[in-house]
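Q: Below: one structure in structure tokens.
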Amino acid sequence: MMKKIIFTGIFILLLKISFACDICGCSSGNYFVGPFPWFHKHFVGIRYTFRSFHSLVKNDATQFSKDFYQTTEVWGGWNIGKKWQLLAFLPYNINRQSSDDGVMKSNAFGDITIIANYNLLSNKTKNKHDGAVSQQLWIGAGLKLPTGKFSADPDDFIPSANNQAGTGSVDLLLNAMYSIRINKWGISSNINYKINQDAHDYQFGNRLNLSAFAFRSLATPKATFNPNAGLLYENLKANKFGSLKVDDTGGNALFASAGLETSFNKIAIGFNTQLPVSQNLSNGQTTARVRGMLHVTYAF
């Protein structure tokens, strides 16, 4: 056991010295819900998201990495009776890392996520003071399945692990969604915690994501517009290789977001843009840049 720990420690140190610019990995196994579409029974749609990062090693400006992650995914929801809801996400990832070592690209289907939610609260009330009030609270759990390719280079393991289509592991997700509408105003919030397992002795850190969006409903005879604004917070634990923590991984970030959800009968189109407000990723060596999401969804 002691020999394995010593060997693993030396291996990580050598990788850190040779490839310290590839420290981000902030997008591996990413899971984001965002403003959730209101639907009565079922929905299916397509989403596009992008995320960008810039990493620069402290005290060595020659070692850098500019990472751009794109995901196009099919997503859907299916209500079973009044109490159960199934959600599924099938992503296709396009990753690009441009660093002092060159450019690395990977395009492939990623890890499928399946979530089952249970409805704890769903009611609508009317009174003379507040008007119409409706609430929903869902809690649930799910799995991220290792359907995406994970084939990190054994001679370049840690940097290449950050640029895979999947994480190579079965991971557990815990999820809760709460939304409330008072007349034309509303708040939609989400919390999820992702518990990652290891693959090939490498384990991405667990992730906590929190989000809350306030919106205003503006109706016309042919469409309903819901401009929204909110905050997103994420906390990433450090990655591990074997039993040892990988230096300069993990951190936290807070994003401000603004967007618009538009509904035409059964079709919903929405987008939002996210900008970092504060962050500390990879011990300050990674900077998150602008993010965005666009979706087209059909409810039935």
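The values are calculated or read from the model by the stated rules, or taken from the named source; none is laboratory data. Values in this document were obtained by computation on a predicted structure and should not be read as measured data. With ideal geometry, Cβ positions are generated from the backbone for all residues, glycine too; neighbour counts draw on all protein chains shown.
Q: Take the residues of segment 93-105 that are of a type outside the set (A, V, I, L, M) and surrounded by 16 or more Cβ atoms within 10 Å (Cβ to Cβ): which is farthest from Leu172 (Cα to Cα)?
A: Going residue by residue through segment 93-105, those that are of a type outside the set (A, V, I, L, M) are 93, 95-102, 105.
From the residues that got through so far, the ones that are surrounded by 16 or more Cβ atoms within 10 Å (Cβ to Cβ) too are 93, 95-97, 99, 101.
Numbers: Asn93: 20, Asn95: 24, Arg96: 27, Gln97: 27, Ser99: 32, Asp101: 34 Å.
The selected residue is Asp101.
Q: Ok, one more. Looking only at segment 167-182, filter to residues that are more than 22 Å from Ala108 (Cα to Cα) and of a type in the set (Val, Ile, Thr); which one of those is surrounded by the fewest Cβ atoms within 10 Å (Cβ to Cβ)?
A: So, considering only residues that are more than 22 Å from Ala108 (Cα to Cα) and of a type in the set (Val, Ile, Thr), the one surrounded by the fewest Cβ atoms within 10 Å (Cβ to Cβ) is Ile182.
Q: Here's a follow-up. Polar (S, T, N, Q) and either within 15 Å of the chain's Cα centre (by Cα) or under 15 Å from Tyr48 (Cα atoms) (or both): does that describe Asn252?
A: Numbers: polar (S, T, N, Q): yes; either within 15 Å of the chain's Cα centre (by Cα) or under 15 Å from Tyr48 (Cα atoms) (or both): yes.
Here the answer is yes, as Asn252 does meet what is asked.
Q: Here's another thing I want to ask about it. If a residue counts only when it is of a type in the set (S, T, N, Q), which strands (runs of 3 or more DSSP E) contained entirely in segment 96-175 have at least 3 such residues? I'd like the intermediate steps shown before the answer.
A: Details: elements: 102-109, 113-127, 131-144.
In segment 96-175, 113-127, 131-144 are the strands (runs of 3 or more DSSP E) which contain 3 or more residues that are of a type in the set (S, T, N, Q).
Q: Looking at segment 60-95, which of its residues are in a strand (DSSP E or B) and within 22 Å of Gln136 (Cα to Cα)? I'd like the intermediate steps shown before the answer.
A: Taking segment 60-95 and keeping what is in a strand (DSSP E or B), we get 64-80, 84-95.
Those that are in a strand (DSSP E or B) and within 22 Å of Gln136 (Cα to Cα): Trp75, Gly76, Gly77, Trp78, Asn79, Ile80, Trp84, Gln85, Leu86, Leu87, Ala88, Phe89.
Q: Please give the number of the condition Met293 fails out of (1) surrounded by fewer than 21 Cβ atoms within 10 Å (Cβ to Cβ); (2) at pLDDT 90 or above.
A: Unmet for Met293, out of (1) surrounded by fewer than 21 Cβ atoms within 10 Å (Cβ to Cβ); (2) at pLDDT 90 or above: (1).
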